[in-house]
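Working notes, beginning with the structure itself.
The values are calculated or read from the model by the stated rules, or taken from the named source; none is laboratory data. Values in this document were obtained by computation on a predicted structure and should not be read as measured data. No Cβ is skipped: glycine too gets one built from the backbone with ideal geometry, and neighbour counts run over all protein chains shown. Heads up: the accessible areas ignore ligands, DNA and RNA and are worked out on the full protein's heavy atoms, side chains in. Shrake-Rupley method; radii C 1.70, N 1.55, O 1.52, S 1.80 Å.
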Amino acid sequence: MLIIKLKLCFFYFVLIKQFYVLCLNNGLALTPPMGWLAWERFQCNIRCDISPENCIREELFMEMANRFVEDGFRDAGYTYINIDDCWMNPHRSKDGNLYPDYSRFRRGIKFLADYMHSRNLKLGIYQTFGLKTCMGFPGIIGHMKQDASMFASWDVDMVKLDGCFTHPSKMDEGYIEFGKFLNQTARPMIYSCSWPYYQLMSNMEPMYESIAQHCNLWRNYHDIKDSWQSIEMIIDFFGDNQEVLSKHTGPGHWNDPDMLLIGNFHLTPGQSRAQMAIWCIIPAPLLMSNDLRDIKPIFRDILIDKRAIAINQDHLGLPGKRIYKKNSFEVWKRPIAPISGNETSYALLFLNRQPKKRYVSFSPIEFEMNSKNGYLATKAFSDEDFGIVYPNGAIDIVVQGLDVVLLNFKLDIT
């Protein structure tokens, strides 16, 4: 069993810069969690009589788990199947316990957790730090210890705590308190918070240092929508606020820009690659919200791309930043492993937000990549390799309109 008081703070040194990372003491989410979340794609559809294939019921989560196993998502690193709002009975029991709507979850949440675990997957669940959930079901205020114990008894592996129907000023204490109750259960459960988002929307300054100490991941911005415009707004938020946000991300605790929409209705393959690449470079949790039962192969291949995922899951957990933005063209850079002495490897992202393609010629030295031994350069979402590239060597790429090129420059330490 996991020992809850497990983890000391991490220190990493990269090119003279020191990254001090505060850690939640549950030993979880040492790389960004990967999985699936019901909300954006399926919302609060509880009319199973009208739309049985798309309603929030146990069969939906079982079918997604089956797709994880059979279609390569689990092997690519996706492990969490997460229930969102609208799973509960509208009322608590007489003794104050939560329980599911048995007309839709007839075998209960523990059954679903067992179903996931038998397939080497994990189950996440939803609650709200408020009197009601965002869709009006019973909230957690007045029942925090009780609900934490219930989730643990069901063998849940992740808890998302939303923030509707309460005042954001109460969150600095409330989210910390619920996190302590989760730890007291001795059940390893990733803790996903919405704490800073609600405070930002109320013109409060979030206490990010405290948030990073008490949450494994946290939402910063508006709910994502199935549109390129929504994704662009999130990209801008993280780029414009990166000096604040990047200070608090790392192993055990991550900024969460919300769900991956790849394979839904409104993103092109290029826009899908762009979302995946930005989420990998930040780095962010990779929590899909789509219908894996009918996803097209081109979108599936983007989601399970090994080179992109390797950047996202880099064990150093160092933040990526936007280093250039002009005329709808951006460059993002992230230090990654391996590190050798004062030299480090990097991921480099070129984002073209215009419809017209861009031709780019550059040398690594232009981006302060100056290892005299060179870099092994590869390209995500493709099999293209550039071989060993030295600091003054030239690389020519084409960034298609509304698309991205994601490159990995690893130190040649052989």
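Taking 7 Å along the Cα-to-C-beta vector as the label spot, tell me the PHE329-HIS315 distance in nanometres, rounded to one decimal.
3.8 nm
For helix 269-281, report the angle its Cα long axis makes with the longest principal axis of the Cα atoms of the chain; keep it between 0 and 90° and round to the nearest 10°.
90 degrees
Please give the calculated 222 nm ellipticity per residue for the chain, where each DSSP H segment of at least 4 residues contributes -39500 (n - 2.57) and the sum is spread over every residue; nearest 500 deg cm²/dmol?
-7500 deg cm²/dmol
Given an 8 Å cut-off on Cα distances and at least 6 residues of separation, report the relative contact order of the chain as a percent.
Relative contact order of the chain: 15 percent.
Local charge sum around ILE304 (other residues, Cβ-Cβ under 11 Å, Lys/Arg +1, Asp/Glu -1)?
Local charge sum for ILE304: 0.
Rounded, prolate or oblate: which fits segment 23-121 when a ≥ b ≥ c are the square roots of the eigenvalues of the alpha-carbon gyration tensor, with rounded for a/c under 1.5 and prolate only if a/b beats b/c?
Cα axes put segment 23-121 in the oblate bin.
What's the ranking of 38-44, 93-99, 71-77 by average number of surrounding C-beta atoms within 10 Å, highest first?
Result, highest mean Cβ count within 10 Å first: 38-44, 71-77, 93-99.
Given LYS110/LYS160; LYS306/LYS410; LYS325/LYS356; LYS122/LYS160; LYS356/LYS379; LYS296/LYS357, which pairs have Cα atoms separated by over 19 Å?
LYS356/LYS379; LYS296/LYS357
With each pseudo-label sitting 7 Å past Cα toward Cβ, what's the TYR102-ILE397 distance in nm, one decimal?
Result: 5.6 nm between the two label points.
Between (1) 72, 44, 41; (2) 78, 54, 47; (3) 65, 53, 38, which matches Cα extents along the principal axes in Å calculated for the structure shown?
Here Cα extents along the principal axes in Å agrees with entry (1).
How big is the dipole moment of the chain about its Cα centre under a simple scheme where the beta carbon of each Lys and Arg is +1, that of each Asp and Glu is -1, and everything else is neutral? Debye, nearest 20, please.
280 debye
Using only Cα atoms, find the angle between the long axis of helix 228-240 and the longest principal axis of the chain, and express it within 0 to 90 degrees, rounded to the nearest 10.
70 degrees
Distance from the Cα centre of segment 49-102 to that of segment 136-150, in angstrom?
Taking the Cα centre of each part, segment 49-102 and segment 136-150 sit 19 Å apart.
Efficiency by 1/(1 + (r/R0)^6): what FRET value for LYS225 and ASN373, r their Cβ-Cβ distance, R0 = 56 Å, to the nearest 0.05?
Step by step, r from the Cβ atoms, then E = 0.80.
Add +1 for every Lys or Arg and -1 for every Asp or Glu among the other residues with Cβ under 10 Å from the Cβ of ALA380, and state the total.
+2
Would you mind getting the accessible area per residue of the chain, heavy atoms of the protein chains only, 1.4 Å probe, in Å²?
41 Å²
Pulled fully out, how much extra length does the chain show between GLU63 and ARG119, if you take 0.36 nm times their separation in residues and subtract their Cα-Cα distance?
So the extension gain works out to 19.0 nm.
Once neighbouring chains are kept in place and the probe is 1.4 Å, which whole percent of the accessible area of segment 204-296 is contributed by carbon and sulfur?
50 percent
Gain in length, SER340 to ARG293, computed as 0.36 nm per residue apart minus the alpha-carbon separation, to one decimal in nm?
Answer, rounded to one decimal: 12.5 nm.
Pairs of alpha-carbon atoms within less than 8 angstrom and 6+ residues apart define the contacts here; what relative contact order does segment 327-366 have, in percent?
38 percent
Taking 8 Å as the Cα distance limit and 6 or more residues as the minimum spacing, I'd like the relative contact order of segment 269-364 as a percentage.
Dividing the mean separation by the residue count of segment 269-364 yields 24 percent.
Return one number: the angle in degrees, 0 to 90 and rounded to the nearest 10, between the long axis of the Cα atoms of helix 58-70 and the longest principal axis of the Cα atoms of the chain.
30 degrees
Please work out the FRET efficiency for the pair ASP383 and ASN54, using the Cβ-Cβ distance as r and a Förster radius of 35 Å; give the result to the nearest 0.05.
That gives a FRET efficiency of 0.45.
Summing +1 for each Lys or Arg and -1 for each Asp or Glu, what net charge is found among the other residues whose Cβ lies under 15 Å from the Cβ of CYS164?
Value of the local net charge: 0.
Using a 1.4 angstrom probe on the protein heavy atoms only, could you order MET64, MET201 from most to least accessible area?
MET201, MET64
If r is the Cβ-Cβ distance from GLU209 to PHE165 and R0 is 41 Å, what FRET efficiency results, to the nearest 0.05?
0.95
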